[in-house]
Every structure is written in C-alpha cells, then in structure tokens.
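Data first, discussion second: the structure below is written as structure tokens.
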Amino acid sequence: MLFYIARRLALAVLVALTVSFVAYLLVFVSGDPAVALAGEGARAADIALIRHTYGFDRPIPVQYADWLLNLLHGQLGTSVYFKTDVAPLIADKLPTTLILGAASIGVALLISVPLGVLAALHRHSWIDRLCLGVAVLGQALPNFFFALLLIMLFSITWHLLPVSGSGTWQHFVMPALALGYYAAPAFMRLIRAGMIEVLDADYIRTARAKGLPARTVIFKHALRNAIVPVVALSAVQLGFLLGGSVVVEAIFALDGLGYLAYQSISNKDFPVMQVIVLLLSVIYVALTLAADIANAWLDPRIRVA
C-alpha cells in the first residue's frame, strides 16, 4: 500500500509541475503581455518600461523558474488590477468556491443516488427510461441557462431566494442546484450500472434466499458495493465543478475564485489568473490522488494490479 501511495504521489507531483508551467505560459498565449498591460495606443517606451518592470524581457524558462521559486516561498505576486498581494486575495475568495463545490456535489448525489437505484431496480421499464431522461436533460442543459431559469423562477417569480451575493446559505442554493444538476447524470449512470451488476451477483441472490428484507439487501449489501466507483468520480467531479464555477459565480455574483477569475480575465490581471489556474489544477490533482488512494484502500485488487 505504501509503495502504491508513493508511486501515485510522485506522478501527482509531476503532473502539478507540468500544470504550473502551462499556467505560466497562459500569459503569453494572447501575445505580448507588456502590450496588453500598456493598453491600446501606448508608446513604445512605455511598453518597453512595462516589459522590463515585470521581467518579460528575460527568457521564458528563467521567468518561470523565478515565478515557481517565489510560489514555493509563498510569494504569489501582486495583482495588477486590485493593487494588492495575490495571496490574501486568493485566501479570501477560496472558501466561497469550496463551499459551492461541496454543496454542488451534495446536490448531485442527492439527485443521482435515488434515481440510479430506482432505475436499476426497474430496469428497462418506463421508470428506468424516465430516470435516464432526467439524466440526459441535466447533461444537455447548459448550467448557465439553467441558472437563469432558476433566477426567473425562485427570485423573480416567487421571491424565495436572493439573486446575488454570498452572505448566507440561501445565496448558495441556486448556484449549487445549477452546478449539481449538471454533474448528477454521470453519477446516476454509474450508480445504475453498478447496481445492475451487483443485483445479479450470487451473494445478493443468497441474501434474498435467506429472507432478508428488500431494504437491507438493496442498501446494505448492493448499494454499498456499487457506490465504490462513485468515490473516484466524486473527486473528479469536485475538481471539475471548482474549475467550472466561473460562469455560475459570475451569474450569481458569488464572491469566490470563479468570479475573481472572471474579473481578472476582464481586466488582464495576469498574476491573479496564473495563481487561480494553478491552484484549481493542483486541487484537482490532489483530489484525484485522494480518490486513487481511497479506492485502493476500499478495493485491494487495485493496488495489487
């Protein structure tokens, strides 16, 4: 087990380093960052001064090495737009995004687990087709469009929930629904397939033959084994939701990393953009590593393979 964890950890570090280099190169994707910071109509002397001030006139590998070294020492740079250190800015916005991600995963599981179990118990029936239809709708409906529908329904029509802000738990209900419903279909299909496979297993037939209650057979024996792959998918989906919350946070004006990323992109705040991309990517890698370790602990066949 320790050897398996060490291998996965080494791979995660290599992925994180690769992502950090890609995140740094994002500054140069749209062209010369000095020209972008100087703005339209800037003089050549001003562009040259900005290029020298921010160190853009040095070779890219040297710039990346200095940037990575500063990151390791906790120096994340200074925001061009907000005129403050990036570290406290990120630390202030991160909890909101983490709460939104956790709430979205909770919504996705609350939707997908009952639907997946129900579809598996009534496979190839109209109930199964209805559950699959709900899943297909969730995947086909863009989360930003669903978010607008939620605003029209719960805020404008019924006046039940606030449209924007992040001060109370009510502010997270609609964003979590918008993101969670989009992530639910993947869970639902996985749980349905796992339940169908487990319900046909010999030990389930033995449990039923012994006269165990249907609820015990389904939830204690079948669902317990079918839910194992969901652990890995939960980590992947959480990382996806954290990275994909930019649009939803912008719609609801949640004061999180997604909305900060939107502001940084709009104002060409390169230092903040780099740190946000790197941070979300590292969180994604860490969650994937945690899922691999959890799966190896739950299923010894994985680490043996």
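The values are calculated or read from the model by the stated rules, or taken from the named source; none is laboratory data. No experiment lies behind these values; they were computed from the predicted model shown. Here the Cβ is made from the backbone with ideal geometry for all residues, glycine too, and neighbour counts use every protein chain on show.
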Any chance you could count how many residues in region 246-261 are touching a Lys or Arg at 6+ places or on another chain (Cβ under 7 Å) and not acidic (Asp, Glu)? 3
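LEU153: not hydroxyl-bearing (Ser, Thr, Tyr) and not in a helix (DSSP H, G or I), yes or no?
It is false that LEU153 is not hydroxyl-bearing (Ser, Thr, Tyr) and not in a helix (DSSP H, G or I).
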Considering region 42-63 alone, what residues qualify as being crowded, with 17+ Cβ neighbours inside 10 Å and not in a loop (DSSP other than H, G, I, E, B)? ILE47, ILE50, ARG51, GLN63
Residues in region 173-182: is at least one closer than 20 Å to VAL248 by Cβ and modelled with pLDDT under 90? yes
Answer residue from region 156-210, given it is touching a residue at least 60 places away in the same chain (Cβ under 8 Å) and not in a helix (DSSP H, G or I) and is surrounded by the most Cβ atoms within 10 Å (Cβ to Cβ) among those: SER166
Restricting attention to region 24-41, which residues are assigned to a helix (DSSP H, G or I) and over 33 Å from the mean Cα position of the chain (by Cα)? ALA38
Out of the residues in region 64-86 that are assigned to a helix (DSSP H, G or I) and without any contact (Cβ under 8 Å) to a residue 60 or more places away in the chain, state the one that is surrounded by the fewest Cβ atoms within 10 Å (Cβ to Cβ). LEU72
